[in-house]
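Beneath this line is the structure, given in structure tokens, with notes to follow.
Any read-out appearing in this document is the output of simple, stated calculations on the displayed coordinates, not a laboratory observation. These numbers were taken from a predicted model, which means no experiment stands behind them. Because the Cβ atoms are built from the backbone with ideal geometry, glycine has one as well, and the counts that use them run over all protein chains shown.
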Amino acid sequence: MSGPGPADFIKGRAFDPPLARGFRPQASTAEKDPRTEPGALADPVVADAVVRLNRVTKTFNGSGPGTTALREVSIEVLPGEMVLLLGPSGSGKTTLLTLAAGLARPTAGSVTLFGRCVEHTPASELQRLRAKSIGFVFQTFLLIDALTAEENVALALRFAGGRRSERAGKARRLFYDLDIAPLARRLPRTMSQGEKQRVAIARALANDPALVLADEPTGSLETRQGFDVIRLLHGQAKARNAALIVASHDLRLKEFADRTLRLQDGALTGM
Amino acid sequence: MYAFRTLRGQPLRLALTVGGVASCIVLMFFLLAVYRGAADGSVEYVRRNTADAWVLQKNATNILRGSSLVAAAQAEGIGRLPGVRSVASVLLLLSTLGKGGEARTIFLAGYEPEKGLGGPPELARGRTVRTDGEIVLDAAFARKFGFKTGDAVDLQGRRLEVVGLSRGTNAFVIQYAFVTLRFARTLVGIPGLATCFLVTAEAGADADAIRGRIRSGFPALEAYSQVEFLANNIREMRSGFLPLLYTVAALGAVVLTVILSLLLSVNILERRKDFAVLKILGSPLGFLWGLVVKQAILIATLSQAAAIVVFFPLAAVIERVAPEVSLKSSAGQILTVALAVELMSLGSSLVSIRRLRRIYYMEVFS
């Protein structure tokens, strides 16, 4: 499990200081409809952003009054960049991740994913986009219990369109790359939490994603395991030049992040 | 792979489901086998007594559920028609057979053994009757009530010896027995009475023309060809049997579909996080549907295998315990049920697939 430490990546990063990009002060956009505001969407700070949220608001409408989970949030994430979303439970981190993944559509504002406007992209295309270009890591790993580690990874490869004959080999290579080859034939129930999360990372990386989204990836792990896992995830994302967005309330992860954004009650409150 | 492993992960539930579905399939096998057995038993008598004309009272179309009384004297007149080689009279009546103080109902066929028509279609043991003091019993009837060749039985106060046991004479609800025509008439008490005549034509004679002559010469009679008369009896048998068969089979099919739908739905609900994760990972909806359909087909196939393993020994036991239940199965029946079960499993998976739509991405996030 050896690999570059977080400091190596921070020192060695070859892109712009992350704090210069993405975050927009909320006060300046209040009371404005981004869809009608001239220039609001046609003003990308960086043209090749993997994902861009522009003044995004997300409201969930239940039987009672709606709950606003995100309020006019604007961020951009570049290839190879790790953005850490910090905030307490209910602050909107997960909602932001689902919007960034194209799993949900904004109530207001716009989400651009790999240059495509999510609001105007058919669900089937978003599904293909997720399969081919996005990797997911969850707090509770969410491996398929009935399948071995290798089969879990092969399944993601299948969705990404990998040939049947190549899937197993590619999954095996990934297990070697991630130094978890001994886990390949094991079922998730026989693994430790840390092992499960490593396999989950392998699954997230199987399709060589341009964007990796991790929701509390260390939330179910002990301190040391959590550190190892985030180091692995961070290192692999960097090695693939994949954008990585991590939602967490674990302050230690700041050490790995190129940028840290704080969310409070659905709004970005600082960096 | 996932479809099978998920099912295998809950072995008890899988076993119960396969057991439930297999029971429904066994029920279907059983119904079809009973139907086939009863159908054969009901019409075998007509099928195997091949005549060029079956002559009955006008408007009587069959011998299963129709009443026909004809005067035996007419047989002589028919026998004189051009082209007719022989006329065999048969008297069919319900009677009761006694042994040890108990009476059993039988469908008694009185026939003329010397003419070679109207008797048992096939003998399982012994010989046909030769004299008035003899009787041939259906083999299933004899097995059920403990009769065997050489036994003496009491038929409406007359003592007869069992000289043979017949096959193809078990009509499920009633079984045939065979005596001489003369003896049968003594039971009725009306001389010169018959139910029908079996007419054979001389070699080269036109059977159609003979039937036409019978109709024109004997306006109170109807003459059917072998094919027509067999079809009439089959139709009559089906009209009495098939509605019941269809009703019970439909109930079995509904139970099977419900069991499968329930299991698949529960499986989806229990695995909803898996399904949500698969959706998030970019699984096409068709893949998820495929999982459910595969599970349904797997359960159906396992259940069919279990049903086949169980059915044949069970059928043997049933026939031993209840010999009058004649079960006849064929590869065609098994394949028909197999196809129907696969279709039902597809139907149940379609019912369950609707649940997939109600699984949302957000369910998997912390």
- Could you work out Rg/(2.2 N^0.38 Å) for chain B, with Rg from alpha carbons only? 1.38
- Task: Find the centroid of the Cα atoms in the stretch A:77-107 and in the stretch B:2-48, then give the distance between the two in whole Å.
- Result: 54
- For B:S261, what charge total do you get from the other residues with a beta carbon under 14 Å from its beta carbon, if Lys and Arg give +1 and Asp and Glu give -1? +2
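Pairs of Cα atoms under 8 Å, at least six residues apart: use those to get the relative contact order of the stretch B:44-196, whole percent.
On the way: 316 pairs, mean separation 45.6, N = 153.
Relative contact order here is 30 percent.
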- Straight distance only, please: which lysines reach the Cα of B:K144 with their own Cα at less than 29 Å, same-chain residues fewer than 8 apart left out? B:K99, B:K328
- Query: Any idea how far the Cα center of the stretch A:194-271 sits from the one of the stretch B:140-177, in Å?
  - Reply: 86
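Please state the relative contact order of the stretch A:177-271 as a whole percent: Cα pairs under 8 Å, 6+ residues apart?
Result for the stretch A:177-271 is 24 percent.
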- Quick one: helix B:11-48 against the long Cα principal axis of chain B, what's the angle to the nearest 10°, folded into 0 to 90? 20
- Query: By how many degrees, between 0 and 90 and to the nearest 10, does the Cα long axis of helix B:207-217 differ from the longest principal axis of chain B?
  - Reply: 60
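Mind checking the full-extension length gain between B:L343 and B:A231? Use 0.36 nm per residue of separation minus the Cα-Cα distance, one decimal, nm.
37.2 nm
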- Task: Would you mind giving the mean number of other chain beta-carbons within 10 Å of the Cβ of each residue in A:155-162, as a whole number?
- Result: 3
- Query: So for the stretch B:191-261, what percent of the C-alpha to C-alpha distances run longer than 16 Å?
  - Reply: 68
- Share of pairwise Cα separations in the stretch B:1-121, more than 16 Å, in percent: 76
- Task: Based on a Kirkwood Rh over C-alpha pairs, give the Stokes-Einstein translational diffusion coefficient of the stretch B:53-224 at 37 °C and viscosity 0.692 mPa s in µm²/s.
- Result: 199
- Residue pairs, from the table B:K273/B:K294; A:K58/A:K254; A:K132/A:K254; A:K254/B:K273; B:K58/B:K115, whose Cα atoms sit over 22 Å apart: A:K58/A:K254; A:K132/A:K254; A:K254/B:K273; B:K58/B:K115
- Message: For the stretch A:83-229, take N as its residue count and report Rg(C-alpha) divided by 2.2 N^0.38 Å.
- Response: 1.08
- Task: Give me Rg over Rh for the protein assembly as shown, both radii from the alpha carbons and Rh done the Kirkwood way, two decimal places.
- Result: 1.31
- What's the angle, to the nearest 10 degrees (0 to 90), between helix B:285-321's Cα axis and the longest principal axis of chain B? 30
